[in-house]
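Student: Got a structure for you, written out below as structure tokens; questions coming shortly.
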Amino acid sequence: MADKKIIAVVGATGAQGGGLVRAILNDPTSGFAVRALTRKVESDKGKELKKFGAEVVAADLDDLESLKKAFAGAYGAFLLTNFWEHFSPEKELAQAKNMAQAAKHAGIQHAIWSTLEDTRRWVPLSDNRMPTLMGKYKVPHFDAKGEADHLFAELGVPTTLLLTSFYWENLIFFGAGPKKGPDGKLALTYPMGAKKLPGIAVDDIGKCALAIFKRGKEFIGKTVAISGEQLTGAQMAAALTKALGQEVRYNDVPPEVYRNFGFPGADDLGNMFQFKRDFQEAFCGPRDPSIARGLNPSLQNFEGWLAQNKSRIPIS
Ligand SMILES: NC(=O)c1ccc[n+]([C@@H]2O[C@H](COP(=O)([O-])OP(=O)(O)OC[C@H]3O[C@@H](n4cnc5c(N)ncnc54)[C@H](OP(=O)(O)O)[C@@H]3O)[C@@H](O)[C@H]2O)c1
């Protein structure tokens, strides 16, 4: 342990960070040890991480001093913000700034910032094909992450920008799975037309991040975009039909219909899907699965992920 390089993992109790924790701790030859950051050291998840072999420390992304302490002595840091906890792009920006400053202060040698595209580079606010949200964003949970990219470079933090993809776990935890329509039949409802949605298993995000840390210098200053497979809604529905043993149809709806579904963040997600649909080449191109497979040879495709996870998908 003492000779291992410490990776400070933000979001260690969550999906992406948890995937990285598992990747590191399941690979005793990685040369890395995990320092898991959480606001709730004594929570069940915090205790579980400790039992699993992680050092668990208290830190809050809103508290710069706590981050400086948590990053002290670490070689690397995996950094993310959780938009869905507060729905505030400004808060994500402030938290990213705190992490960049703390990483600089601690002399972090390799940071991975889990970011997404600032969609306003492709859809300026004057472009009315989708509504402007919260005054100055098109896809708020993407835009602020992308806007924050420059903070790391400006402070001279050696950083890899990691562009992730739609987690297939969204079918389990995020209400994005098949639902029964009025006809009693299951349907997957995304406003993607016939375009492809890059997806990935969260554990593969962690495995790719570990490979990026291992290959260190090769990826500092670079952007790496990852997906496990890129499928149309119809292809996803066909894979679900096969895995679940009951028909799942793809229900294509216009983005404006999706934006008005009424759940919190529906407008943001409607714009997100529309961005992925209308800027397919810009979104899918960099996420060619061969990139993730080069980092992580055990990368799962959707069929493989379904074989392991189909029983966890709530059907309602
Ligand atoms: N769902 C998708 O398909 C998808 C795809 C790409 C990107 N994303 C992005 O992923 C992000 C969320 O990551 P996730 O899905 O891995 O998260 P998650 O599973 O929802 O868990 C959130 C994690 O963030 C930590 N956290 C949140 N606020 C914190 C704070 N103030 N201080 C310290 N830690 C804090 C939590 O730690 P504690 O509660 O233990 O403190 C927890 O570990 C979102 O911003 C989303 O936009 C999602």
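Student: Which residue, of ASN251, ASN260, is more than 30 Å from THR29 (Cα to Cα) and touching a Ser or Thr at 6+ places or on another chain (Cβ under 7 Å)? Outline the logic, then answer.
Tutor: Values: ASN260 fails: touching a Ser or Thr at 6+ places or on another chain (Cβ under 7 Å).
Step by step, each of ASN251, ASN260 is checked, and only ASN251 is more than 30 Å from THR29 (Cα to Cα) and touching a Ser or Thr at 6+ places or on another chain (Cβ under 7 Å).
Student: Tell me, yes or no, whether segment 234-250 has at least one residue that is under 30 Å from ALA77 (Cβ atoms), modelled with pLDDT of 95 or more and surrounded by fewer than 17 Cβ atoms within 10 Å (Cβ to Cβ). Before you say what the answer is, go through the steps one by one.
Tutor: So the first thing to find is which residues in segment 234-250 are under 30 Å from ALA77 (Cβ atoms), and the list is none.
So far as segment 234-250 goes, no, none of its residues is under 30 Å from ALA77 (Cβ atoms), modelled with pLDDT of 95 or more and surrounded by fewer than 17 Cβ atoms within 10 Å (Cβ to Cβ).
Student: Another one. If the Cβ limit is 7 Å and pairs must be 6+ apart or interchain, which residue in segment 152-177 that is closer than 13 Å to ALA15 by Cβ and among the aromatic types (Phe, Trp, Tyr) pairs with which residue that is at pLDDT 95 or above and assigned to a loop (DSSP other than H, G, I, E, B)?
Tutor: Going by the 7 Å Cβ cut-off, the qualifying pairs are TRP168/ALA201.
Student: Considering only residues that are under 20 Å from LYS5 (Cα atoms) and either near the ligand (Cβ under 10 Å from one of its atoms) or of a type outside the set (Lys, Arg) (or both), which ones fall in segment 91-104? Reasoning before the result, please.
Tutor: Let us first name the residues in segment 91-104 that are under 20 Å from LYS5 (Cα atoms), namely 99-100, 102-104.
Selection gives MET99, ALA100, ALA102, ALA103.
Student: Identify all residues within segment 265-298 that are under 15 Å from the mean Cα position of the chain (by Cα), among the aliphatic types (A, V, I, L, M) and farther than 21 Å from PRO89 by Cβ; write none if there are none.
Tutor: ALA292
Student: Take segment 254-276 and flag every residue that is of a type in the set (A, V, I, L, M, F, W, C) and assigned to a helix (DSSP H, G or I).
Tutor: Pass one, segment 254-276, residues of a type in the set (A, V, I, L, M, F, W, C): 257, 261, 263, 266, 269, 272-273, 275.
Once the filter is applied, which keeps residues that are of a type in the set (A, V, I, L, M, F, W, C) and assigned to a helix (DSSP H, G or I), segment 254-276 yields VAL257, ALA266, LEU269, MET272, PHE273, PHE275.
Student: In segment 4-26, what residues are under 17 Å from GLY216 (Cα atoms) and in a loop (DSSP other than H, G, I, E, B)?
Tutor: LYS4 - this is the single residue of segment 4-26 that is under 17 Å from GLY216 (Cα atoms) and in a loop (DSSP other than H, G, I, E, B).
Student: Restricting attention to segment 137-152, report how many residues are over 18 Å from the mean Cα position of the chain (by Cα) and either under 15 Å from LYS217 (Cα atoms) or outside any helix (DSSP H, G or I) (or both).
Tutor: Of the residues in that region, 2 qualify.
Student: Continuing with the same structure: With the requirement that a residue be within 16 Å of the ligand (Cβ to nearest atom) and in contact with a Gly (Cβ under 7 Å, 6 or more places away or on another chain), what does segment 168-196 give you?
Tutor: TRP168, LEU171, LEU188, TYR190, PRO191, MET192, listed by residue number.
Student: Would you please name the residue that is nearest to ILE200 (Cα to Cα), looking only at residues in segment 1-15 that are modelled with pLDDT of 95 or more and surrounded by fewer than 24 Cβ atoms within 10 Å (Cβ to Cβ)?
Tutor: Applying the first criterion (modelled with pLDDT of 95 or more) to segment 1-15 yields 4-15.
From the residues that got through so far, the ones that are surrounded by fewer than 24 Cβ atoms within 10 Å (Cβ to Cβ) too are 4-6, 11, 13-15.
Numbers: LYS4: 29, LYS5: 27, ILE6: 26, GLY11: 18, THR13: 19, GLY14: 16, ALA15: 12 Å.
Per the criteria, the residue is ALA15.
Student: In the list THR164, THR160, which residue meets the criterion of being away from the ligand (no atom under 15 Å from the Cβ) and surrounded by 21 or more Cβ atoms within 10 Å (Cβ to Cβ)?
Tutor: Working: THR164 fails: away from the ligand (no atom under 15 Å from the Cβ).
Result of the check over THR164, THR160: THR160.
Student: Is it the case, given these coordinates, that THR81 is closer than 20 Å to GLU65 by Cα, of a type in the set (Ser, Thr, Tyr) and crowded, with 21+ Cβ neighbours inside 10 Å?
Tutor: Against the criterion (closer than 20 Å to GLU65 by Cα, of a type in the set (Ser, Thr, Tyr) and crowded, with 21+ Cβ neighbours inside 10 Å), THR81 qualifies.
Student: State whether the residues of segment 185-195 include one that is of a type in the set (D, E, K, R), closer than 16 Å to SER298 by Cβ and modelled with pLDDT of 95 or more. Give the steps one after another, and end with the answer.
Tutor: Step one: of segment 185-195, the residues of a type in the set (D, E, K, R) are 185, 195.
Next cut, closer than 16 Å to SER298 by Cβ only: none.
Within segment 185-195, none of the residues are of a type in the set (D, E, K, R), closer than 16 Å to SER298 by Cβ and modelled with pLDDT of 95 or more.
Student: Residues in segment 135-143: is at least one buried (at least 17 other Cβ atoms within 10 Å of the Cβ), in contact with a Leu (Cβ under 9 Å, 6 or more places away or on another chain) and under 19 Å from PHE213 (Cβ atoms)? Walk me through it before giving the result.
Tutor: Residues of segment 135-143 that are buried (at least 17 other Cβ atoms within 10 Å of the Cβ), as a first pass: 137-143.
Keeping just the survivors that are in contact with a Leu (Cβ under 9 Å, 6 or more places away or on another chain) gives 137-143.
With the extra rule that they be under 19 Å from PHE213 (Cβ atoms), the set shrinks to none.
Scanning segment 135-143 turns up no residue that is buried (at least 17 other Cβ atoms within 10 Å of the Cβ), in contact with a Leu (Cβ under 9 Å, 6 or more places away or on another chain) and under 19 Å from PHE213 (Cβ atoms).
Student: Follow-up question, since we're still on this one. Can you say whether LEU61 is within 10 Å of the ligand (Cβ to nearest atom) and either part of a strand (DSSP E or B) or among the polar types (S, T, N, Q) (or both), as far as the supplied structure shows? Break it down stepwise before answering.
Tutor: Values: within 10 Å of the ligand (Cβ to nearest atom): yes; either part of a strand (DSSP E or B) or among the polar types (S, T, N, Q) (or both): no.
Taking the combined requirement at face value, the residue does not satisfy it.
Student: Okay, moving on. Taking segment 170-201 as the region of interest, how many residues are within 14 Å of GLY228 (Cβ to Cβ) and buried (at least 22 other Cβ atoms within 10 Å of the Cβ)? Don't jump to the end; show me each part of the working.
Tutor: Quick first cut of segment 170-201, residues within 14 Å of GLY228 (Cβ to Cβ) only: 170-171, 196-201.
Okay, now just the ones that are also buried (at least 22 other Cβ atoms within 10 Å of the Cβ), so 171, 197-201.
Going through segment 170-201 one residue at a time, the tally reaches 6.
Student: Moving on. Being within 12 Å of the ligand (Cβ to nearest atom), free of Cβ contacts under 8 Å to residues at least 12 places away in the same chain and farther than 18 Å from GLN16 by Cβ is the filter here; which residues of segment 43-58 pass it?
Tutor: Within segment 43-58, ASP44, LYS47 meet the criteria.
Student: Let me ask something else. Quickly run through segment 65-90 and pick out the residues that are within 9 Å of the ligand (Cβ to nearest atom) and within 17 Å of the chain's Cα centre (by Cα).
Tutor: LEU80, THR81, ASN82, PHE83, TRP84, GLU85, HIS86
The values are calculated or read from the model by the stated rules, or taken from the named source; none is laboratory data. On a predicted model such as this, the values are computed, not experimentally measured, just so you know. Cβ atoms come from the backbone with ideal geometry, glycine included; neighbour counts cover every protein chain shown.
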